[in-house]
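Trainee: Pasting in a structure now, in structure tokens, and then I'll have a few things to ask.
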Amino acid sequence: MSINENLTLYIYINFYKAGEQVFSERNHQHRHILLEDEILDKFSLSIIPKDQRKPNSHLSLLAMVDCWHKLNINPYDHMICETPIFRLLLGIAEYLFRNDDFLDEAIEAALTDIDIRADDLEYCLSATIWENIIHYKDMEHYNLQFEDVSGFFKERLDEAIHINSIK
């Protein structure tokens, strides 16, 4: 087995272990947060047919669940403090990790899809910057980074409002 095959196998095993720990039935006694595919498909806003969509690594979801796994966090223990955004994010992560085909597709895309590699690299770099700022408790750089990110989105806010209003 080559080093690439070993690394790929390790990555698959790591994410499957994370999903098993975080989303196993023993960790929570509830119904799934999101609706079933058949219902969701009826309300999809996408104009791209399901069989023609491009793979996505969902790197932020993979990283979030891996983090919960490594820190031994059960996100369902925090549902009492849930916000709609947290519930949606948890539901999407749950959906990804409870569907082996979807999870395999995401991992495969993260490992091999060069079309999304630049975006995934940007995510990794941003996460590393925030990780270092938090690790070193560097409030000066925290404020600078926060302002930088806020500025990035502020420039796009008017455009997003305009696009949303014409739909």
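Read the figures in this text as sums done on the coordinates, not as results from a lab. In this text, all values refer to a predicted model and were calculated from it rather than measured experimentally. Please note: Cβ atoms are built from the backbone with ideal geometry, for glycine as well, and neighbour counts cover all protein chains shown.
Trainee: Less than 12 Å Cβ to Cβ from D113, Lys/Arg counted +1 and Asp/Glu -1: what total charge do the surrounding residues give?
Mentor: On the way: positive: K54, R117; negative: E105, E108, D115, D119, D120.
Net charge around D113: -3.
Trainee: Could you line up L90, L111, L7 from fewest to most neighbouring Cβ atoms inside 10 Å?
Mentor: Lowest count first: L7, L111, L90.
Trainee: What is the total of Lys pairs in region 17-167 with C-alpha atoms under 25 Å apart, excluding same-chain pairs fewer than 8 positions apart?
Mentor: Step by step, the pairs that qualify in region 17-167 add up to 8.
Trainee: If each of E25 and E108 carries a label point 7 Å out from its Cα toward its Cβ, how far apart are those two points in nm?
Mentor: Reported label-point gap for E25 and E108 is 2.8 nm.
Trainee: Only helical DSSP H runs with n ≥ 4 go in: add -39500 (n - 2.57) per run for the chain, normalise by residue count and round the 222 nm mean residue ellipticity to 500 deg cm²/dmol.
Mentor: -22000 deg cm²/dmol
Trainee: Now for a different question. Arrange the following residues from fewest to most other Cβ atoms within 10 Å of their Cβ: I114, I73, I48.
Mentor: Fewest-to-most Cβ neighbours within 10 Å comes out as I114, I48, I73.
Trainee: Only Cα pairs within less than 10 Å get springs; with that Gaussian network setup on the chain, which residue of L61, L71, L157 has the largest fluctuation?
Mentor: L157
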